[in-house]
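Asks: Here it is, the structure in full.
The values are calculated or read from the model by the stated rules, or taken from the named source; none is laboratory data. Since we're looking at a predicted model, the values are computed, not measured. Please note: Cβ atoms are built from the backbone with ideal geometry, for glycine as well, and neighbour counts cover all protein chains shown. Just so you know, the surface numbers come from the protein's heavy atoms only, side chains and all, with ligands and any DNA or RNA stripped out. Shrake-Rupley method; radii C 1.70, N 1.55, O 1.52, S 1.80 Å.
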Amino acid sequence: KASDNGGARTGSSGTEAARAARMSRVGTKAGRVVRLIRLVRLIRLIKVYKKGNYQDKQKDQAPGMDWEEDDDDGLENESAVSKKLSEMTTRRVIMLVLVIMLALPFFGTDMYVVSLQSAPQYGINSLYRIWQTGIVQHNPLESQSNWDAYLASEERSQYMTTFFHLFYFHNPFCEQSEVPDSASLSPMDMFGKVFWAGLSNHEASAEDGDSGSARNLSSLFLPRFVAHPSYDLNAYWRGDNYAYYQCNMTDNPSSLFDKSWSEMKECVKDNYRGVSLLEVKESDLGCPEDLRYQERIVLYPSSINSTEWKDMHFIFVFDGRSESQMEAALAVAQTLFICLLLGIGALTFSNDANKYVLQPIERMIANVEKIRNNPLAAMSIGDQDKHQEQKVRQRKSEPKMAESLSEYSRYSEEKNWFRRKWAIVQYWIERWRKFRKASRGSQPEPMETVVLEKTIIKIGSLLALGFGEAGAKIIAQNMRGGDSAVLNAIRPGTTVRVIFGIANIRNFTDTTEILQEQVMVFVNRIAALVHGTINEFFGSPTHSVGDAFLLTWPMTGIRPEKESKYADLALLSLCKLTAAISRSPALADYRNNPKLAKRVPNFRVRLGLSLHSGWAIEGAIGSEFKIDASYLSPNIHVAQRLESATKHYGVLMILSDTFYAMLSDAIAAQVREIDYVSVDSQPGPLRIHTLDLDDMALDVLRGSLIASRERHTRAEIRRKKAERWSDDYIMGNAFDRDADIQKMRNKYTDDFFAQFRAAYLNYEAGEWEVARYLFEVTRQYLVVEDGPTMAHIKFIDEHSSKAPEDWKGYHPIVIPN
């Protein structure tokens, strides 16, 4: 325990400042009442928004301007919560809070004295470091001359000054009668007077510390006037002109400290030697143990290392009896008062307040805490809330047949015939009343706390949807600043490793011109499949611009041994996305659109895909008016260029070599290298690959298959994610056992891949005539022409089947118009 009182303000304003500090605590308690009132007003505002009464006030306001919150005094409709809470608790709450607010400060010690716990510890630390600095600098144990030099040094003088300052500041001899009226504060206004000072009693045989033994430094502990001239300590330190008057310390204060090691008393089980200042007026107080545990305050230097502690350390004990006595009396009075007050209050209004205000607020706070810690958790909170609402509706809608039959049989078992018939009639009348009441659909008006709770969940869900995973940190950082309403979304970015994916809708310009307003429905149907499929495989749809979706798989927190599975899942998600797009009945309907068929023969919805990995800066992009959470990196541009090249190579997806290097061996074996190209914004050439998929081989889902593949709940998605991330989940098996993927890859045989590989190696080596011949073999190997083969044949033919003299195996990537 460390209790003390720090310094006071200078001048006559010190007392006023202290009183102001005490009364400010009353203001703090009053602030709680204000917050309760503001909460009720916030609930009333929600009621206004719900009823639409705010529209008249907004007529003269520019867009984005809010009307003042203090303008709601003239509202006509009082909220349901306000009615209930006002009628049952307003008078009692106001009276009770006012009594507590006014009375509680008188039961605290801070109302009577100023308590600041840091001053004595700081003084002891300073004193010990000054001591240690002088000892290290002069090494008085080395020789008598060093000893004399230290006693006469400035360090010794500073040590004695600090020592006297500390003891006079906590002067135990101060009496109220000697404190002048001009003084603002004095030791009498504070607890914790210094009582005993000593140091560790290590083994030594010298009696006065003059023989050079391990104990001879102890004679330097007390501020004895040896080499420095003595002076009137009381006149110098009592502070006649100070705002803090420190009083006299006996008539001869030097005698209190002018003691040799042998004159110091052994205390604390003979572990320490020291002097008691109070022994002069209370002879039974010679050691710290003469006071009870709760009456003494023991402080050691904290600015000390273990070696210094073992060699020698100080100990200071403060007298805390006055504080303990006052605390005990006030604690008893406070306990009795609070028990009486709260006992009465709990019986009158606690149930109502808990039911209508506190419990909903606690749920709101819990939900806000979850969103603060993980903004993406808002979606799961919304799902849980929706699930609970569905259960309640289902429970209300289900007929209580068992209860009805039991009640009917109870009436029908009446022995008296007339009473039995009358009971049955009453039963059916009651059933009819319940039916009429249910058919009218009369529902009690929902509490505004419930509306506010639902609104918080919706706002959190919208934030999570709008910002996505890249913006989760922005939301969390701003919501953690609970003491301020200032929004600071523009923060420095964070360098992260990311797998980037691009999904581009083919023929989007033609589709937009044909569909016009319906293009939003078209894009959102695709977005639902893209977002849902990518999310199932740990990805995040970060950004979308018209026909393109930026997909990300952040590598933050992924262990190195899991990176290959992470990359495999990213590739698997694009395969599943391709299958979902091809088999979607809603998207298949666009194949029959006559205008689209006329503009684009054999039209079908397809996506161009690419995957690339590299570094990026994650953060917010924008200004105080609008921000987007996204990534900045040249690697995004590379991924975009690779996706654009899918049209040139006639494939559905292109993978960069940096991403290819992350794949597991089992998945990498199924990928085909198709070219070696240079991409602008990339320092060196890239080997690009593809996973061959024939989406034309898949049929559209019909009938029961649609129901079996309907959208999964988030709980099911989380379960599948956990299953896929476990070590028991083998990615190679996932590819081999997936019916859609196998059907899309059936026509790509090992012989085809071997033929293409032979042709490609000759092409890269510059043997273009041989490569041209071999590419002709692979060109017709499949049912349709192979896209990468045709791209190479076209490139070779443009150079007359002869490689340029400076051919290095790669060329600039070709991006179709």
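Asks: Please give, to one decimal in nm, the separation of the simple spin-label points placed at Met696 and Leu336, each 7 Å out from Cα toward the Cβ.
Replies: Calculated label separation equals 9.6 nm.
Asks: Say R0 is 56 Å: what FRET efficiency, to the nearest 0.05, do Gln144 and Arg321 get from their beta-carbon distance?
Replies: 0.80
Asks: Then there is this: PRE reach from Asn507 (point 7 Å along Cα→Cβ): which of segment 601-627 fall under 15 Å by backbone N?
Replies: Residues 601-608 fall inside that zone.
Asks: List the residues of segment 773-806 whose backbone N lies under 20 Å from a point placed 7 Å from the Cα of Thr749 along the Cα-to-Cβ direction.
Replies: 774-790
Asks: Rounded to the nearest 10 Å², what accessible area does Lys794 show when all protein chains are kept and the probe is 1.4 Å?
Replies: Around 120 Å² of this residue is reachable by solvent.
Asks: Now, a different point. Taking a ≥ b ≥ c as the square roots of the eigenvalues of the Cα gyration tensor of segment 282-336, is the shape rounded (a/c under 1.5), prolate (a/b larger than b/c) or oblate?
Replies: oblate
Asks: A further question follows. Pop a pseudo-label 7 angstrom from the Cα along the beta-carbon direction at both Ile459 and Leu102 and give the gap in nm to one decimal.
Replies: 3.7 nm
Asks: Here's a follow-up. Is the C-alpha gyration tensor of segment 568-665 telling us rounded, prolate or oblate? Criteria: a/c under 1.5 is rounded; beyond that, a/b larger than b/c is prolate, otherwise oblate.
Replies: In terms of gyration-tensor shape, oblate.
Asks: Okay, moving on. Once you list every other residue whose beta carbon is under 12 Å from the beta carbon of Arg497, what net charge do they have if Lys and Arg are +1 and Asp and Glu are -1?
Replies: -2
Asks: Another one. Using R₀ = 56 Å, calculate the FRET efficiency as 1/(1 + (r/R₀)^6) where r is the Cβ-Cβ separation of Ile558 and Ile344; round to 0.05.
Replies: E(calc), rounded to 0.05, equals 0.45.
Asks: Something else now. Take the alpha carbon atoms of segment 706-817, find their radius of gyration, then divide it by 2.2 N^0.38 Å using N residues; give the quotient.
Replies: Dividing the Cα radius of gyration by 2.2 N^0.38 Å gives 1.57.
Asks: Of Lys743/Lys794; Lys269/Lys310; Lys565/Lys647, which sit over 26 Å apart, Cα to Cα?
Replies: Lys743/Lys794; Lys565/Lys647
Asks: Can you give the extra length, in nm with one decimal, that the chain gains between Trp615 and Gln294 once fully stretched, where that is 0.36 nm per residue apart less the Cα-Cα distance?
Replies: 109.5 nm
Asks: Work out how much length Glu362 to Ala329 would gain on full extension: take 0.36 nm times their residue separation and subtract the Cα-Cα distance, in nm to one decimal.
Replies: Residue separation times 0.36 nm, minus the Cα-Cα distance, leaves 8.3 nm.
Asks: Hey, can you rank 568-577, 540-549, 741-750 by average C-beta count inside 10 Å, highest first?
Replies: Highest-to-lowest ranking by the protection proxy: 568-577, 540-549, 741-750.
Asks: If you take every residue apart from Tyr748 with its C-beta less than 11 Å away from the C-beta of Tyr748, what net charge results, scoring Lys and Arg +1 and Asp and Glu -1?
Replies: -2
Asks: Using a 1.4 angstrom probe on the protein heavy atoms only, could you order Asp311, Asp692 from most to least accessible area?
Replies: Asp311, Asp692
Asks: Another question, if that's okay. Within 14 Å, Cβ to Cβ, of Leu655, how many net charges do the neighbouring residues add up to if Lys/Arg are +1 and Asp/Glu are -1?
Replies: -3
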